Amino acid sequence: MNPPATAAHVVPDQEIPAYVTNEKLRQWVAEVAQLTQPDRIYWCDGSQQEYDRLCNEMVASGMLIRLNQEKRPNSYLARSDPDDVARMEDRTFVCSRNKEDAGPNNNWVAPEEMKATLGRLFTGCMRGRTMYVIPYSMGPLGSHIAHIGVEITDSPYVVASMRIMTRIGRKVLDVLGPDGYFVPCLHSVGMPLAPGQKDVVWPSNKEHKYIVHFPEEKSIWSFGSGYGGNALLGKKCFALRIASIMAKEQGWLAEHMLILGIQPPGGRKHYIAAAFPSACGKTNLAMLIPPPALKGWKVTTIGEDIAWIKPGKDGRLYAINPEAGAFGVAPGTSEATNANCLAALKSNTIFTNVALTPDGDVWWEGLTQTPPRELTDWQGKPWTPDSGRPAAHANARFTVAASQLPSLDPDWENPGGVPISAFLFGGRRTTTVPLVVEASDWTHGVYLAATMASETTAAIVGKVGVVRRDPFAMLPFCGYHFGDYFRHWLNIGRSLEQPPRIFGVNWFRRDGNGKFLWPGFGENMRVLKWIIERCEGRAGAVQTPIGSMPRYEDLEWRGLDSVDRETFSKLTAVDAGLWRDELKDHAELFDKLKSRLPSEMVRQREELERAL
Ligand code: GTP
Ligand code: SPV
Ligand code: MN
């Protein structure tokens, strides 16, 4: 499947161990070695010893800094190249045979042309480096909802991160067996070393970066970046872009959603899945701690970024978290906003692009109200509070195993998944969009999700704070035409006996002075409570042109003084003028997608226009 390498490079037989029985895998690894010409091939077994050894090697090479063993045991800090700090949407491609299949929501290049480019870039790109082979499972090993990938990478940071984020190693090869199916994921930082050349702390390719998906072949090629979703290919590349295509073909859903459990006092437990764009509060919501007034409500975490969801025999939807860890936004994480998460970060964590304290611990904006008097910033430069720049990068992140999370749900690895009662869709919207609204039925819910928008964040390279349509929070992640994706959602709903209810939420509405109207974080429990009570048919609501909303008296207000009736009416106001502008944007989106847009979406828009 690869273009031929220019120089013949012999891979000694013994470098592919006999226990690798999968012939396709043996062949692919040999082909990639021919092409990329690494000094060594290393097969990851997934053990703790292997992880510790790789981390020690990275400490020795300067790629990792070991943190204070007493304060932050077995934890490390990585500082990336300042040009390699986030996902790059303009360097991400879906190369389907037919351009129309990728849709206007993806960058497209003809597969042969892209293969030629990648063939040139990957030729000899691992010279002087080790090529690591990482067999991994997305989802609990052997679950009927799980799938296997194999990532080849020349970055030890990627190996260590993949061990936290997914299930890796020999046990995956056992499940794969001689003829099991896997998604081949090829990654290189794109910086070969000449003999004797000294490595840099964070190798990457300054000139060329490509994150490429081949939908028909179901393969991934990523070149030039070592950061996050560009390089940990199990996450966005496989579990969302390629998986969304598999899901459409096979009748399931792969979504940018957190999954959480909610149990009312003395009541039945529900699970909800919620889609928010990058850095818009999934991690926080997934680990929510209810405020004291709602203490009887129990919230547990299944996942915080991605959900794979399949229809069950009983006509309900069942979800698993395909990941085994979190790669979460550090800035803003504190005792007050996410105490569960902070507890998880006490040990065994890799931090990337946060600040370093003089005693070898970490810090980021928002961790404490008063910053330390001196720090080393994310670029390794001395920092004081009057430096006039952030100490941590706005997209600084932590990588931590789910098993360290105090709020983890006992069923988080249930191979059958957990039943979903409701879907939530939310973006960052300063105006227009109310705190919470319930769709009148599945089709209306699909419309609500399809037309959602959000202000962009530091999770992507580019301009921050620009409102853009981000259907289902999947704009950067849907591997095919959004029109087909909306139709797939409509079809799934029709096939269900008990489709989940669908809600829109917005924690980010602001007053005229730019202050958030809603306190957010743990207080979001008040909205979740109303949502669960709606699912159980016992909460009141008022009909509005855009859907059902709670009246003031339908929410629990005990213990919350900052939101009075007047603030609540600002939070839930539906301004007909602003909504008419909103509808123009919906029309613009639909126009872009019109060749494949389901007619139901157009009808929903017309109905909304009439209602307004
Ligand atoms: P990805 O990992 O990038 O997919 O994002 P995520 O959705 O998991 O992001 P995360 O939960 O880490 O979002 C972090 C950002 O959202 C920080 O800036 C938080 O301050 C902000 N945030 C989270 N929850 C709330 C909330 O309820 N209200 C407000 N105002 N901000 C919030
Ligand atoms: C996101 O950007 O939505 C993330 C982080 O979850 S990354 O893995 O870098 O894509
Ligand atoms: Mn994400």
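The values are calculated or read from the model by the stated rules, or taken from the named source; none is laboratory data. Everything numeric here is computed off the predicted structure, so don't read it as measured data. Note that each Cβ is placed from the backbone with ideal geometry, even for glycine, and that neighbours are counted across all protein chains shown. What goes into the accessible areas is simple: the full protein's heavy atoms, side chains included, and nothing from ligands, DNA or RNA. Shrake-Rupley method; radii C 1.70, N 1.55, O 1.52, S 1.80 Å.
Using the average count of surrounding beta-carbon atoms within 10 Å as a protection proxy, the listed peptides 380-386, 83-89 rank, highest first, as 83-89, 380-386. The range 192-268 and the range 339-359 have Cα centres separated by 23 Å. The stretch between Arg494 and Glu566 holds 21.9 nm of extra length on full extension. This uses 0.36 nm per residue minus the Cα-Cα distance. Distance from the C-alpha centroid of the range 518-553 to that of the range 52-117: 39 Å, rounded to the whole angstrom. Charge tally for Asp511 (other residues, Cβ to Cβ under 12 Å; Lys, Arg +1; Asp, Glu -1): +3.
Which of rounded, prolate, oblate describes the chain, given a ≥ b ≥ c as roots of the alpha-carbon gyration tensor eigenvalues and a/c under 1.5 marking rounded, otherwise prolate only if a/b is larger than b/c?
Numbers: a/c = 1.73, a/b = 1.38, b/c = 1.26.
It comes out prolate by the Cα gyration axes.
Checking the a/c ratio against 1.5 first, then a/b against b/c, what shape does the Cα gyration tensor give for the range 238-393?
Values: a/c = 3.24, a/b = 1.69, b/c = 1.92.
Taking the square roots of the gyration eigenvalues as a ≥ b ≥ c, the range 238-393 is oblate.
Take the solvent-accessible surface of the protein heavy atoms, probe 1.4 Å, and return the percent of it on the chain that carbon and sulfur atoms account for. List each step's numbers first, then the result.
On the way: 11740 of 23350 Å².
Here it works out to 50 percent.
A DSSP coil position with no more than 16 other Cβ atoms inside 10 Å describes the following chymotrypsin sites (Phe, Trp or Tyr not before Pro) in the range 131-206: Tyr181. 3J(HN,Hα) along the range 277-282, derived from phi through the Karplus expression 6.51 cos²θ - 1.76 cosθ + 1.60 where θ = phi - 60°, amounts to x, 4, 6, 10, x, 5 Hz, with x in place of Gly and Pro.
Along its principal axes, the range 300-371 has C-alpha extents of 57, 22, 17 angstrom, given from the largest down.
Each of the peptides 523-534, 587-598, 252-263 was scored by the mean count of other Cβ atoms within 10 Å over its residues; in descending order, highest first, they stand as 252-263, 523-534, 587-598.
The trypsin sites (Lys or Arg not before Pro) of the range 417-496 meeting both criteria, a DSSP state outside H, G, I, E and B (loop) and at most 13 other C-beta atoms within 10 angstrom of the site's C-beta, are Lys463.
For helix 576-592, report the angle its Cα long axis makes with the longest principal axis of the Cα atoms of the chain; keep it between 0 and 90° and round to the nearest 10°. For helix 576-592, the angle is close to 40 degrees.
Can you give the net charge of the other residues whose Cβ lies under 14 Å from the Cβ of Lys209, counting K and R as +1 and D and E as -1? Don't skip to the answer; put the middle values down first.
On the way: positive: Arg87, Arg91, Lys206; negative: Asp81, Asp83, Asp84, Glu89, Asp90, Glu207.
Summing Lys and Arg as +1 and Asp and Glu as -1 gives -3.
Counting only protein heavy atoms and a 1.4 Å probe, the chain has 38 square angstrom of accessible area per residue. Here the range 413-431 is scanned for amide nitrogen atoms under 19 Å from the site 7 Å beyond the Cα of Lys584 along Cα-to-Cβ, giving 430-431.
Listed values for the range 184-196 are Karplus-derived 3J(HN,Hα) couplings in whole Hz (6.51 cos²θ - 1.76 cosθ + 1.60, θ = phi - 60°), namely x, 10, 9, 10, 9, 6, x, 9, x, 10, 6, x, x, and x replaces Gly and Pro. Quick one: grab the alpha carbon gyration tensor of the range 464-554, order the square roots of its eigenvalues as a ≥ b ≥ c, and give me rounded if a/c is under 1.5, else prolate or oblate depending on whether a/b is larger than b/c. Because a/c hits 1.5 or more and a/b fails to exceed b/c, the range 464-554 counts as oblate. Annotation: amide H of Ile152 within the under-5 Å range of Ile134, Cys185, Leu186, His187, sequence separation 5 or more or interchain, hydrogens built in the peptide plane. Derived scalar couplings between HN and Hα for the range 332-337 equal x, 7, 8, 3, 6, 8 Hz in order, rounded to whole Hz, by the Karplus curve 6.51 cos²θ - 1.76 cosθ + 1.60 (θ = phi - 60°), x for Gly and Pro.
Could you run the Debye sum over the Cα atoms of the range 185-281, one equal point scatterer each and no solvent, and tell me log10 of I(q)/I(0) at q = 0.11, 0.19 Å⁻¹, two decimals? Values returned for q = 0.11, 0.19 Å⁻¹ are -0.51, -0.98.
Report, please, the projected area of the range 111-253 averaged over directions, based on the convex hull of its C-alpha atoms, in nm².
Numbers: hull surface 36.7 nm².
So the mean shadow area of the Cα hull is 9.2 nm².
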